[in-house]
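Participant: Got a structure for you, questions after.
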Amino acid sequence: MSKAKNPKLKEQMSNVKRETSNVKRETSSVQYPISNIQYPTSSFALEVQRRSGENVFRCYYCQKCTVGCPTAFAMDYQPAQVLKMIQLGLREPLLKSSAPWLCVGCEACGTRCPNEIRLAPVMDTLKYMALEAGYTPPETTVYALHRAFLDSIKFFGRVHETTMLVEYVLRSRDIFSIVRSNIDVGVTLLLKRKIPILPERVKALGQVKELYKRAGR
Ligand code: SF4
Ligand code: SF4
């Protein structure tokens, strides 16, 4: 009797076929081949991924980024935790978090990560999303410095330290303590002509302003 005509063998072969097709179907639905872990794909995680350009789903929580981050000690959620929370779609706590505002964009995490995930663009994305959603940045002085720095470049095409520092102090809520603890340094820098009193504009200021316009600022 040929093999194909053996009903038992036929049944076994069809079982194998069915199992194989199941395996194929499951494999095509695995989203995170490195960790082989299935996470719910939240729209928040997808948005962070699209806007930052970083594949946040590749993180398998080895924590090398956290260990190398110079500001992780001051963050409420450390870099690896931020990635995990993004994967889990924990939008609100992340947009209220101090972590994105304390990231200094040093890229240490990106060079250490075995999956080549850079936290700096992810943290920047979280900052933009927090501002768009109307959350007040928890680190007010850091936000004040961001704004003063960007405004200085917008108006002069480069940073003018004196006006930038004046804007920073005015935007900060704790004006008096900032002035008190920094006035000596500021006056010394001015007297030694390390920072110019009058600003200079770059020639291609129009191009700089065009960049700001494109970014919607
Ligand atoms: S180093 Fe990379 S893979 Fe490891 S926890 Fe950080 S982001 Fe995730
Ligand atoms: S880029 Fe930000 S998150 Fe990454 S190591 Fe530097 S400070 Fe930490």
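Participant: Please enumerate the residues belonging to the stretch 172-195 that are farther than 20 Å from residue 146 by Cβ and surrounded by 12 or more Cβ atoms within 10 Å (Cβ to Cβ).
Facilitator: The answer is 189, 190.
Participant: Scan (1) farther than 19 Å from residue 52 by Cα; (2) away from ligand 2 (no atom under 15 Å from the Cβ) for the single condition residue 129 breaks and write down its number.
Facilitator: The single condition residue 129 does not satisfy is (1).
Participant: Can you work out which of the residues in the stretch 73-123 that are crowded, with 17+ Cβ neighbours inside 10 Å and β-branched (Val, Ile, Thr) is farthest from ligand 2 (Cβ to nearest atom)?
Facilitator: 86
Residue-by-condition table, conditions (1) touching a Phe, Trp or Tyr at 6+ places or on another chain (Cβ under 9 Å); (2) modelled with pLDDT of 95 or more; (3) more than 16 Å from ligand 2 (Cβ to nearest atom):
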{"position": "1", "(1), (2), (3)": "no, no, yes"}
{"position": "16", "(1), (2), (3)": "no, no, yes"}
{"position": "21", "(1), (2), (3)": "no, no, yes"}
{"position": "38", "(1), (2), (3)": "yes, no, yes"}
{"position": "44", "(1), (2), (3)": "no, no, yes"}
{"position": "53", "(1), (2), (3)": "no, yes, no"}
{"position": "58", "(1), (2), (3)": "yes, no, no"}
{"position": "70", "(1), (2), (3)": "no, yes, no"}
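Participant: Residues of the stretch 52-108 being within 16 Å of ligand 1 (Cβ to nearest atom), free of Cβ contacts under 8 Å to residues at least 60 places away in the same chain and of a type in the set (D, E, K, R), which ones?
Facilitator: Scanning the stretch 52-108 gives 58, 64, 84, 107.
The values are calculated or read from the model by the stated rules, or taken from the named source; none is laboratory data. Being a predicted model, the structure only gives us computed values, none of them experimental. Every residue, glycine as well, gets a Cβ built from its backbone with ideal geometry; the counts of neighbours run over all protein chains shown.
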